Amino acid sequence: MGGGRTDKGRCGACRLLWAWLERIDPGTHRRIKGLRLVTAYGIAAALGTLQDVTHGLPGATVVGSLASSFALWASVSEARVSRAESSRDLVLLCVAAALGAAMFIGFAPLLQTIGNAGPELTLVTGAFLVGYLKRFGILGAGTGSQVYIGQLLAYSAHLTAVDLPAVAVAGLIAMLASVVPRLLSGPAERPATMVLAPADVPDRWKLPAELIMGLQAASGALAVVALNGAIGLEESAWAITACTYVVAGSASGTVERVRRRIVGTLIGVPLGLACLPLVEHAPLLAWAAAAVAMIVYAMALPNRYDIACAAFAFTLIVTLAIGGVHSVSFLGARAWETLLGGALGLLAAKFIFPLRS
């Protein structure tokens, strides 16, 4: 009797889980994309660590991490129906990420003369492009995001001119790693329709709405750089990232994205911290959990930004811990400074040419 009740309970839990998956991702199309982006990440990371690929290459130690991140976020941003268009966009998005990293490498030495926070000003340009390039459609939006991600990765890894060959090789690896899974997923993947055009009152500011979004994101990012220069922030780049990606096509939309990002961060970070013992004693299970979280991220991103943020926050904490970062205070700094960046993005959307829906 007891065993029967247990089996029924398990079946009921499975049905609830399946119903939840169908609500988030009807038709399984986004789950397939999630598997694709995880596969792209794994292929790029594996190729980037091969001695035959990186032997004698300056900055060889960063090739794997750069290539895997380029491929992962290119796969997230790409949203075409046909294999040919998808492959073309993936190549261009990987090129954009490599160019973003090269931009940081080129400008950082010049900006270093301003102060310790000077190199972060490069991220301000990327934050602007994330908003402004949305006026050129799906590929434009992805290109702006990839340029910023390339800058962020170069900033986080402290890349210099000697690492430029490594950036180029990482870009080539990312192209291969992202295109192959897309060719294999084929027609089973059907991209979700995303509205990119901001809904503004016509001619209210006599400026393109995407230009305003770029200015809002850049203003929030500039405020973070100023705060970092004045008081010092442990993880200021993540505050810049948060204020960049919460800016939406209207002030009310930004408020909603900030709310959902806060909720997601407050859920995902504690769950990630709770899994730190798993990272130490069962790293393979930790990697599996991070992969599942990224699949959930891909499923939820178009319509459930809160779930997507929770999944990404969890993945970030777990992968940082796998990489050797176990300091709870350091991981916590990423969490609260993400919330700070969201708040600054909200203020920028409210007071700098506010867009009305």
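Assess whether Ala289 counts as being in contact with a Lys or Arg (Cβ under 8 Å, 6 or more places away or on another chain) and small (Gly, Ala, Ser). Walk me through it before giving the result.
Numbers: in contact with a Lys or Arg (Cβ under 8 Å, 6 or more places away or on another chain): no; small (Gly, Ala, Ser): yes.
Answer is no for this residue.
Filtering Leu66, Leu92 for residues that are surrounded by fewer than 22 Cβ atoms within 10 Å (Cβ to Cβ) and in the same structural domain as Phe136 (by TED's automatic domain parsing) leaves a single hit, Leu92. Looking across the range 344-357, the residues that are surrounded by fewer than 18 Cβ atoms within 10 Å (Cβ to Cβ) and either of a type in the set (Ser, Thr, Tyr) or assigned to a helix (DSSP H, G or I) (or both) come down to Leu347, Lys350, Phe351, Ser357.
If you check Leu184, Leu196 for being surrounded by fewer than 17 Cβ atoms within 10 Å (Cβ to Cβ), closer than 18 Å to Ala217 by Cβ and at pLDDT below 95, only one passes: Leu196.
With the condition kept exactly as written, say whether any residue in the range 299-319 is surrounded by 23 or more Cβ atoms within 10 Å (Cβ to Cβ) and touching a residue at least 60 places away in the same chain (Cβ under 8 Å). So far as the range 299-319 goes, yes, one or more of its residues are surrounded by 23 or more Cβ atoms within 10 Å (Cβ to Cβ) and touching a residue at least 60 places away in the same chain (Cβ under 8 Å). Looking only at the range 292-306, decide whether some residue is modelled with pLDDT of 90 or more, over 15 Å from Val247 (Cα atoms), in a helix (DSSP H, G or I) and of a type outside the set (A, V, I, L, M). Looking through the range 292-306, at least one residue is modelled with pLDDT of 90 or more, over 15 Å from Val247 (Cα atoms), in a helix (DSSP H, G or I) and of a type outside the set (A, V, I, L, M). Summed over the range 303-315, residues that are touching a Ser or Thr at 6+ places or on another chain (Cβ under 8 Å) and of a type outside the set (Gly, Ala, Ser) total 1. One residue alone among Leu72, Leu123 is over 26 Å from Leu183 (Cβ atoms) and at pLDDT 90 or above, and that residue is Leu123.
Is it true that Arg135 is at pLDDT 95 or above and charged (D, E, K, R)?
Values: at pLDDT 95 or above: no; charged (D, E, K, R): yes.
Considered against the rule, which asks whether it is at pLDDT 95 or above and charged (D, E, K, R), Arg135 comes out as no.
Based on this model, can you work out whether Ala79 counts as assigned to a loop (DSSP other than H, G, I, E, B), small (Gly, Ala, Ser) and within 18 Å of the chain's Cα centre (by Cα)?
Numbers: assigned to a loop (DSSP other than H, G, I, E, B): yes; small (Gly, Ala, Ser): yes; within 18 Å of the chain's Cα centre (by Cα): yes.
In short, yes.
Filtered by the rule that a residue be modelled with pLDDT under 90, buried (at least 18 other Cβ atoms within 10 Å of the Cβ) and under 30 Å from Arg356 (Cα atoms), the range 262-291 gives Ile262, Thr265.
Scanning the range 323-335 for residues that are surrounded by fewer than 17 Cβ atoms within 10 Å (Cβ to Cβ) and part of a helix (DSSP H, G or I) yields Val328, Ser329, Phe330, Gly332.
The values are calculated or read from the model by the stated rules, or taken from the named source; none is laboratory data. Owing to the predicted nature of the structure, the values given are computational and were not obtained by experimental measurement. As a convention, Cβ positions derive from the backbone with ideal geometry for all residues, glycine included, and neighbour counts pool all protein chains shown.
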